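Please read the structure below before turning to the comments.
The values are calculated or read from the model by the stated rules, or taken from the named source; none is laboratory data. On a predicted model such as this, the values are computed, not experimentally measured, just so you know. Virtual Cβ from ideal backbone geometry, glycine too; neighbours counted across all protein chains shown.
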Amino acid sequence: MERYDAVIVGAGAAGLNAALVLGGSRREVLLLDGGPTRNAAARAAHGVFTRDGAAPTQLKSLGLADLAPYPVTVRPGVAREVRPWDGGFALRHDGGWAFARRLLLVTGVRDVLPGVPGLRERWGRTVHHCPYCDGWPSRESALGVLGSHQEGHHLALSVRAWSDRVVLLTNGPDELTNEQREDLRRVGVPVVSTPIRRLEGKDTVRVRFRDGERLTLDALFLNPTQVQRSHLPASLGCAMNAKSRVVVNEHGMTSVRGVWAAGDMTGAPQYVMSAAASGMLAAISLNTTLIHEDVRRAGAAFHKSPGEPQSPPPSGGEAS
Ligand SMILES: Cc1cc2nc3c(=O)[nH]c(=O)nc-3n(C[C@H](O)[C@H](O)[C@H](O)COP(=O)(O)OP(=O)(O)OC[C@H]3O[C@@H](n4cnc5c(N)ncnc54)[C@H](O)[C@@H]3O)c2cc1C
């Protein structure tokens, strides 16, 4: 079995940045690249320092290229199972088994889109979830928000900051409170509750309602629910919160000893830069525990063989 200081499962922003930091810390790292990142359907990523507007595939290629000088092995393939083994973890992936002293899960989430016909095909193109990511290209145009409850109300008020032509589509009876209706009325967002038959259009979103009415929008925003993309955190017994995100402390440590998590799959804000930042913090924390473990092992070896000449155990080991 190949042995690594750390195995990183997932090559999105969180995993790539963690690999950069751990490789740069002279750790032997295996980075498992299981396929497209969450934003793969989008043409461009926004709010990304020095790379604003780059295609998600380009961001990933650049992230992989940055790893070249470091002791990071990148393998395409999915991590299939993981179990505690020999003080670390044995992990089965598409290329075989690997041993990891520490494990970093950065497997992301899967967006569960509403079942409106025609919506999935437009996801990331003319149907978006986040005005901070896709609001600027859609500014001052005809925008729709799909949502029937509190999150629809909240998203409609946010999107309104990018355009004064916003309509809230509830696709059937809504659950808005009178107060929420009043908020929307005050900023000029009409509420349409007619059920939607399907979405059409290439560069615009043509909404066809069940009653035969039509509405053309430049873009549609919605707030999808999400599930963990990988079963690994659950199979390891990582604690999850009410939104099915992996619970981590401020260093990215999960409830399972030796396992860290970062990026969208945790409660971290869901942006490329936040995911990258949380990957970095998790990598530093993970590496700090390796430093301490190496110091302990060196100390144990020193005390066990007093007769043999050897260098004294290193002191310190605290990482900033
Ligand atoms: C349509 C869309 C557009 C977006 N636009 C923007 C934007 O403009 N700006 C912005 O800041 N954010 C944007 N986001 C959010 C952004 O994509 C995420 O915040 C970011 O991708 C999170 O990075 P991550 O590394 O946590 O997860 P991900 O990017 O989802 O990466 C996780 C990786 O893990 C891999 N993986 C999963 N399971 C396994 C396994 N078992 N074995 C191996 N690999 C595995 C996946 O294949 C994936 O490559 C957008 C999101 C969407 C959906």
Residues that are more than 9 Å from the ligand (Cβ to nearest atom) and β-branched (Val, Ile, Thr): does segment 102-111 have at least one? no
Limited to segment 265-282, what total is found for residues that are farther than 15 Å from Val247 by Cβ, more than 7 Å from the ligand (Cβ to nearest atom) and assigned to a loop (DSSP other than H, G, I, E, B)? 1
Of the residues in segment 87-97, those that are within 12 Å of the ligand (Cβ to nearest atom) and either crowded, with 20+ Cβ neighbours inside 10 Å or part of a loop (DSSP other than H, G, I, E, B) (or both) number 4
Given (1) without any contact (Cβ under 8 Å) to a residue 60 or more places away in the chain; (2) of a type outside the set (A, V, I, L, M); (3) crowded, with 21+ Cβ neighbours inside 10 Å, Gly144 misses just (1)
Looking at segment 98-136 only, could you name the residues that are under 30 Å from Ser255 (Cβ atoms) and in a strand (DSSP E or B)? Ala98, Phe99, Ala100, Arg101, Arg102, Leu103, Leu104, Leu105, Val109, Arg110, Asp111, Val112
Go through the residues of segment 286-303 one by one and say whether even a single one is touching a helix residue (DSSP H, G or I) at 6+ places or on another chain (Cβ under 8 Å), at pLDDT 95 or above and surrounded by 15 or more Cβ atoms within 10 Å (Cβ to Cβ). yes
Out of curiosity, is Asp211 at pLDDT 95 or above, touching a helix residue (DSSP H, G or I) at 6+ places or on another chain (Cβ under 8 Å) and more than 16 Å from the ligand (Cβ to nearest atom)? no
Right, Glu151: in the same structural domain as Asp174 (by TED's automatic domain parsing) and either more than 14 Å from the ligand (Cβ to nearest atom) or among the small types (Gly, Ala, Ser) (or both) or not? yes
Does segment 114-137 hold any residues that are farther than 12 Å from Val205 by Cα, touching a strand residue (DSSP E or B) at 6+ places or on another chain (Cβ under 9 Å) and crowded, with 17+ Cβ neighbours inside 10 Å, and which are they? Val116, His129, Cys130, Pro131, Asp134, Gly135
Pick from segment 45-60, criterion surrounded by 12 or more Cβ atoms within 10 Å (Cβ to Cβ) and over 16 Å from the mean Cα position of the chain (by Cα), ranking: nearest to Ser274 (Cα to Cα): Arg51
Could you tell me how many of the residues in segment 137-150 are assigned to a strand (DSSP E or B), out of contact with any Ser or Thr (no Cβ under 6 Å at 6 or more places or on another chain) and of a type in the set (A, V, I, L, M)? 2
State whether the residues of segment 55-72 include one that is assigned to a strand (DSSP E or B) and touching a strand residue (DSSP E or B) at 6+ places or on another chain (Cβ under 7 Å). yes
Working only within segment 175-196, note down all residues that are under 19 Å from Ala142 (Cβ atoms), surrounded by fewer than 16 Cβ atoms within 10 Å (Cβ to Cβ) and hydroxyl-bearing (Ser, Thr, Tyr). Ser193
When the residues of segment 1-34 are narrowed to those that are part of a loop (DSSP other than H, G, I, E, B) and at pLDDT 95 or above, which ends up farthest from the ligand (Cβ to nearest atom)? Arg26
